Amino acid sequence: MTRLTPEDLAGIPAALPAYDAELEARTGCSLRALACRAAGVGEPRLAELARGVRVAVVPLDCGQGVLPGFAEAVRAVAGRLGFEAWVTGRPDAGGLAEAYRGGAGILVTADEDSFIAVNLATRAVAENNEATARGFVTALSLLAGGLAGREALVLGCGPVGRAAARHLLAQGARVSLCDIRSERVRKATGELGGEGGSLRVEEELEAALLHHRLLFDATPTPGFIRERHLSPETRIAAPGVPLGLTAGALRAIGPRLVHDPLQIGTAVMLLEALAG
């Protein structure tokens, strides 16, 4: 997964009510409602499934170690969805033991490569890259008023970008892929059935940005989307960290952008694990 920074995570728990209000103003859906749409779980069904389910967030002290603020941000998102959630007092094996002894129904943990939620009753495992792609494609569809027959540009063909392209195609969009690493484009086109039809490859980033009005930014590259690339019809879903827009482009796009470092992907992942 993307290595977030403490600055990316600072203030997420306290800011969730304001974040939720802004997301609803932009998309018509709260975080809970958007996650339900993306995970295919109706809100009444969520209330039924989540009743009595506790979520344990277990930090892992491997790799680069525990990321300050990460576990608390995840716990806060779970709480926003209506779960009783806590961060275990110990990391690693001790945290797993605490989660089991504490009656956790869903266990959430992350290392340098994976960020997952595990339903301990059903053994369903939800993975954050897939959940993030599904959640932000849902957000883009809400911003755009639907995706069927529309052209969408996926920037970055890593795990989130490839998953997003798949979900965009499933919703009837015509998808263009763009990545500075040609091997990633080849992998994406191979997974998605090759070029042609509803899928194509853009070789020139500048031309691609000027042509497309629906953008899915899954890159870790800051400041490459500029004001000249935007029109009043532009809509952007951007799970990439850091944000790819310049300060001027950010001002120009206004409420036609959905971006966050963790909230949407975590919410969808939790509901996918719950429903699974």
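The values are calculated or read from the model by the stated rules, or taken from the named source; none is laboratory data. The shown structure was predicted, so the numbers you read here are calculated from the model rather than taken from an experiment. Methodologically, a virtual Cβ is constructed for each residue, glycine included, from the backbone with ideal geometry; neighbour enumeration extends over all protein chains shown.
Quick check: anything in region 141-164 within 26 Å of residue 18 (Cβ to Cβ) and outside any helix (DSSP H, G or I)? Scanning region 141-164 turns up at least one residue that is within 26 Å of residue 18 (Cβ to Cβ) and outside any helix (DSSP H, G or I). Candidates are the residues of region 207-264 that are under 24 Å from residue 18 (Cα atoms) and of a type in the set (Asp, Glu); the one that is surrounded by the fewest Cβ atoms within 10 Å (Cβ to Cβ) is 260.
Against the test of being assigned by TED's automatic domain parsing to the domain that holds residue 11, surrounded by 13 or more Cβ atoms within 10 Å (Cβ to Cβ), of a type in the set (A, V, I, L, M) and touching an Asp or Glu at 6+ places or on another chain (Cβ under 9 Å), the options 97, 78 yield a single qualifying residue, 78. When 72, 22 are checked against the criterion of being under 27 Å from residue 156 (Cβ atoms), of a type outside the set (Ser, Thr, Tyr) and in a helix (DSSP H, G or I), a single residue qualifies: 22. Please work out if residue 121 is surrounded by fewer than 19 Cβ atoms within 10 Å (Cβ to Cβ), modelled with pLDDT of 95 or more, small (Gly, Ala, Ser) and closer than 26 Å to residue 74 by Cα. It is true that residue 121 is surrounded by fewer than 19 Cβ atoms within 10 Å (Cβ to Cβ), modelled with pLDDT of 95 or more, small (Gly, Ala, Ser) and closer than 26 Å to residue 74 by Cα. Can you tell me which residue within region 243-276, out of those that are at pLDDT 95 or above and in a loop (DSSP other than H, G, I, E, B), is farthest from the chain's Cα centre (by Cα)? The residue in question is 246.
Residue-by-condition table, conditions (1) outside any helix (DSSP H, G or I); (2) modelled with pLDDT of 90 or more:
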| residue | (1), (2) |
| --- | --- |
| 1 | yes, no |
| 37 | no, yes |
| 48 | no, yes |
| 55 | yes, yes |
| 62 | yes, no |
| 65 | yes, no |
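All conditions in (1) more than 13 Å from residue 273 (Cα to Cα); (2) free of Cβ contacts under 8 Å to residues at least 24 places away in the same chain; (3) not polar (S, T, N, Q) hold for residue 87, with the sole exception of (2).
Out of curiosity, is residue 200 under 17 Å from residue 134 (Cβ atoms), in contact (Cβ under 8 Å) with a residue 24 or more places away in the chain, basic (Lys, Arg) and not in a loop (DSSP other than H, G, I, E, B)? No, not satisfied.
Tell me yes or no: at least one residue of region 36-54 is without any contact (Cβ under 8 Å) to a residue 12 or more places away in the chain and within 15 Å of the chain's Cα centre (by Cα). Looking through region 36-54, none of the residues is without any contact (Cβ under 8 Å) to a residue 12 or more places away in the chain and within 15 Å of the chain's Cα centre (by Cα).
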